Amino acid sequence: MRKFKSINKFTRTGIISYLLVILGFAIIFPLQQLGLINHSLSGQLVPICTYIVMALSLNLTVGFLGELSLGHAGFVSVGAFSGVIAAAGLQDKIAFEPLRLLIAVIIGGICAGIVGLIIGVPVLRLRGDYLAIVTLAFGEIIKNIINCLYVGVDKSGLHISMNDVKSLGMENGKIILNGPQGAVGIDQISSFTAGVILILFALFIILNLVNSKSGRAVMAIRDNRIAAESVGINISKYKLIAFITSSVLAGMAGVVYAMNYSTIVAKKFDFNTSILILVFVVLGGMGNIVGTIIATVVLYMLPELLREFSDFRMLIYAVILIVVMLLTNNEKVKLILSNTTGKLLSKSGKIIKWKGSADNG
Amino acid sequence: MDKMVPYPSNSIVPERDLDKKPILETHHLGVDFGGLTAVDDFSITVGRTEISGLIGPNGAGKTTVFNLLTNVYQPTRGDIMLDGMTTARKTCFQVNKMGIARTFQNIRLFSNMSVLDNVKIGLHNSINQNLFSAMTHLFNYGKSEKAARDEAMSLLEFFDMQDVADSEAGSLPYGAQRRLEIARALATHPKIILLDEPAAGMNPSETSELMENIRRIRDNFGIAVLLIEHDMKLVMNICEGICVLDHGKVIAKGSPDEIKSNPKVIEAYLGKKKEGDANA
Ligand SMILES: Nc1ncnc2c1ncn2[C@@H]1O[C@H](COP(=O)(O)OP(=O)(O)OP(=O)(O)O)[C@@H](O)[C@H]1O
Ligand SMILES: [Mg+2]
């Protein structure tokens, strides 16, 4: 144990988070295969995995970069719908499902990344909470655009329209996106295994990034922008790198999430979802990877567990959130936590300032 | 101005630097904040291995000069030449790459990070690692990280801080934080380093150690040092040239001895102190 403690803080976080995910998979996967997990929980496995990735990726923006984003679900949405369209377009061409899913995930990630770039370039240059405002608007805009988007596929390829199904002008084609009804007839090729692999991939990227030249630059900007600039760090560039990485991972999570259902509507990824992901991050601890994973699992399951309280369910949920938030901010509780968990989670509950002050010295 | 003679006739640059082009020149530099002229007509020339001082009463505009030199503020008038190149229209991080590094009057460390990481962040632009190897830890990741670690450790050793490399920067005592800030600035491989009140809050033994360190920085790295300081003993002891600022204007320039006996300086700065002493 002593030796374990002496390892670099980042390496330690890495080992714990990989172990946590692999262990969770090793226990749940056999149970699921044997049919020992009840139906409702079994249906939650893919969403939980993807919400973990959404929270981990948002933590990159909020915890490591120190910028507030209120439209993370927008990137999930862009990824989800572009991935669904890609998978539908490839259905005849690639028969092997995992490969089709992989390509859809990559395309979803790229599309979300491009949107992240378009938003990030103008907004991340500004100092202040502009990102929060713009991402908030973006989430709503994306939702409305997808709501009136019609996409279909036939032998001649993809057809896109903003009017209605008829104007797609397809002969014998298949409708993929049907305006307000969202994506229909999705081939459900996503799986628990795919979700876990995606978590491991997200962990790999984030943990590596944090422990590198680029990651240190990102955290330097968060801790003290003026000092970071004074040692030659290109602030806009590294903010953009963190933000785009975060968008790409969110988009990928969106694809795996969407391909788990037969239909999905744009309303699923609205402001409430963005806030839900943000709550996972804040309660898990900003910049805390292990904490984010645990918080996501617990808080995602909580409404299910509280089902018997029926009408009071969300009320109790809210009260629990407030209590947890108060507790994790309490110095004494933090001390007890960090002692009992052997300093594994010593960084949890640490509140990171969103913006440094900008006085002249 | 005649290009063949880069140094003005009233130059205070030490003789050994006179045959080389100056590292820093400012010409009639000035900045206004709304109606307030914080700095006006500020012209200095700094030799390549010179230790020079910038002094003046509180609010004289010294920190503002540093902020102009590092492009934190854009000058309203005048221009800055760093190693013969203008720094106009450059951003903060670009002027650092051009060879100017600084410390801050109120220490600005990355306090949640380790001492070693603070110096590694200073090494940012000399670490040869692209985004792909950063995300995958493949290719030259291992080599570049090891090189960065080795250089950061040798910088920490220079300041006798190798034993606290893994401590959190914010947990260090005040004097050590100031040293770390200098180490981080040196990690950017500057040609000139600006120190804003490096001795503030230090006890006499720490101050004399600092004086020794400033000389060692100049000798070891062969760079110029420009420092702001209120501790007159330190300034008079190590600075070869001194520039005195009052209400944003240069009121005197010269060697320590010249400054000590300059009536304008005594009136604006030292004089006030003497009055106070007499009253006490
Ligand atoms: N960003 C700014 N906006 C407005 N006024 C400013 C700004 N920065 C500095 N000033 C003003 O410029 C003047 C010089 O300030 P500066 O911080 O440079 O003084 P200083 O010589 O460093 O003093 P000290 O010895 O107390 O550090 C002060 O009157 C200050 O209020
Ligand atoms: Mg000052």
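Annotations
- Of all residues in segment B:48-88, those satisfying the criterion of being without any contact (Cβ under 8 Å) to a residue 24 or more places away in the chain, more than 14 Å from chain A (Cβ to nearest Cβ) and either touching an Asp or Glu at 6+ places or on another chain (Cβ under 9 Å) or within 16 Å of ligand 2 (Cβ to nearest atom) (or both) are B:Thr86, B:Ala88.
- Subset of segment B:89-106 that is within 14 Å of ligand 1 (Cβ to nearest atom) and open to solvent by 40 Å² or more (accessible area, probe 1.4 Å) - its residue that is farthest from A:Ile221 (Cα to Cα): B:Gln105
One line per residue, one yes/no per condition, for (1) under 30 Å from B:Ala185 (Cα atoms); (2) within 12 Å of another protein chain (Cβ to nearest Cβ); (3) in contact with a strand residue (DSSP E or B) (Cβ under 7 Å, 6 or more places away or on another chain); (4) at pLDDT 95 or above:
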| residue | (1), (2), (3), (4) |
| --- | --- |
| A:Val165 | no, no, yes, no |
| A:Met170 | no, no, yes, no |
| A:Ile176 | no, no, yes, no |
| A:Thr193 | no, no, no, no |
| A:Leu209 | yes, yes, no, no |
| A:Lys213 | yes, yes, no, no |
| A:Arg222 | yes, yes, no, no |
| A:Ile235 | yes, yes, no, no |
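- In segment B:36-47, residue farthest from the other protein chains (Cβ to nearest Cβ) [restricted to those that are hydrophobic (A, V, I, L, M, F, W, C) and open to solvent by less than 30 Å² (accessible area, probe 1.4 Å)]: B:Ile44
- Any hit, segment B:244-262, residues being open to solvent by less than 40 Å² (accessible area, probe 1.4 Å), in a strand (DSSP E or B) and either more than 16 Å from ligand 1 (Cβ to nearest atom) or closer than 20 Å to B:Gly175 by Cβ (or both): yes
- Scanning segment A:161-215 for residues that are more than 25 Å from A:Gln44 (Cβ to Cβ), open to solvent by 10 Å² or more (accessible area, probe 1.4 Å), touching a residue at least 24 places away in the same chain (Cβ under 8 Å) and not in a helix (DSSP H, G or I) returns A:Lys174, A:Ile175, A:Asn178, A:Asn211.
- Number of residues in segment B:123-140 that are open to solvent by less than 40 Å² (accessible area, probe 1.4 Å) and either more than 7 Å from chain A (Cβ to nearest Cβ) or touching a strand residue (DSSP E or B) at 6+ places or on another chain (Cβ under 7 Å) (or both) equals 2.
- Any chance B:Asp160 is more than 16 Å from ligand 2 (Cβ to nearest atom) and without any contact (Cβ under 8 Å) to a residue 40 or more places away in the chain: yes
- Just one of (1) among the small types (Gly, Ala, Ser); (2) open to solvent by less than 10 Å² (accessible area, probe 1.4 Å); (3) in a helix (DSSP H, G or I) fails for A:Gly66. It is (3).
- Residue check for B:Pro75: more than 9 Å from ligand 1 (Cβ to nearest atom), more than 21 Å from B:Ala185 (Cβ to Cβ) and touching a helix residue (DSSP H, G or I) at 6+ places or on another chain (Cβ under 9 Å): yes
- In segment B:155-164, the count of residues that are within 16 Å of ligand 1 (Cβ to nearest atom), at pLDDT 90 or above and crowded, with 20+ Cβ neighbours inside 10 Å is zero.
- Residues of segment A:151-160 satisfying the condition of being under 33 Å from the mean Cα position of the chain (by Cα) and open to solvent by 30 Å² or more (accessible area, probe 1.4 Å): A:Leu158, A:His159, A:Ile160
- Unmet criterion (only one of (1) more than 7 Å from chain A (Cβ to nearest Cβ); (2) over 15 Å from the mean Cα position of the chain (by Cα)) for B:Phe110: (1)
- Number of positions in segment B:176-197 that are open to solvent by 30 Å² or more (accessible area, probe 1.4 Å) and either in a strand (DSSP E or B) or among the acidic types (Asp, Glu) (or both): 0
- Remark: pairs (first residue in segment B:192-214, within 14 Å of another protein chain (Cβ to nearest Cβ) and more than 20 Å from B:Thr70 (Cα to Cα); second residue among the charged types (D, E, K, R) and surrounded by fewer than 23 Cβ atoms within 10 Å (Cβ to Cβ); Cβ separation under 7 Å; 6+ apart in sequence or on different chains) are absent.
- From B:Asp40, B:Asp2, B:Asp19, residue being charged (D, E, K, R), at pLDDT 90 or above and out of contact with any Asp or Glu (no Cβ under 7 Å at 6 or more places or on another chain): B:Asp40
- Test: residue in segment B:92-104 that is more than 14 Å from every other protein chain (Cβ to nearest Cβ) and either within 16 Å of ligand 2 (Cβ to nearest atom) or in contact with a His (Cβ under 8 Å, 6 or more places away or on another chain) (or both): no
- Scan of segment B:209-237 for residues that are open to solvent by less than 60 Å² (accessible area, probe 1.4 Å), away from ligand 1 (no atom under 16 Å from the Cβ) and assigned to a helix (DSSP H, G or I), ordered by number: B:Leu210, B:Met211, B:Asn213, B:Ile214, B:Ile217, B:Arg218, B:Met236
- Looking across A:Gly113, A:Gly152, one residue alone is touching a helix residue (DSSP H, G or I) at 6+ places or on another chain (Cβ under 6 Å) and closer than 20 Å to A:Ala55 by Cα. It is A:Gly113.
- Flag for B:Ala147 being in contact (Cβ under 8 Å) with a residue 12 or more places away in the chain and closer than 25 Å to A:Asn211 by Cα: yes
- Evaluated against (1) open to solvent by 30 Å² or more (accessible area, probe 1.4 Å); (2) more than 14 Å from chain B (Cβ to nearest Cβ); (3) among the β-branched types (Val, Ile, Thr); (4) under 16 Å from the mean Cα position of the chain (by Cα), A:Val265 falls short on exactly one condition, (4).
The values are calculated or read from the model by the stated rules, or taken from the named source; none is laboratory data. All values reported here derive from a predicted model rather than from experimental measurement. Cβ coordinates were reconstructed from backbone atoms using ideal geometry, including for glycine residues, and neighbour counts include every protein chain displayed. Surface areas here come from the heavy atoms of the whole protein model, side chains and all, with no ligands, DNA or RNA. Shrake-Rupley method; radii C 1.70, N 1.55, O 1.52, S 1.80 Å.
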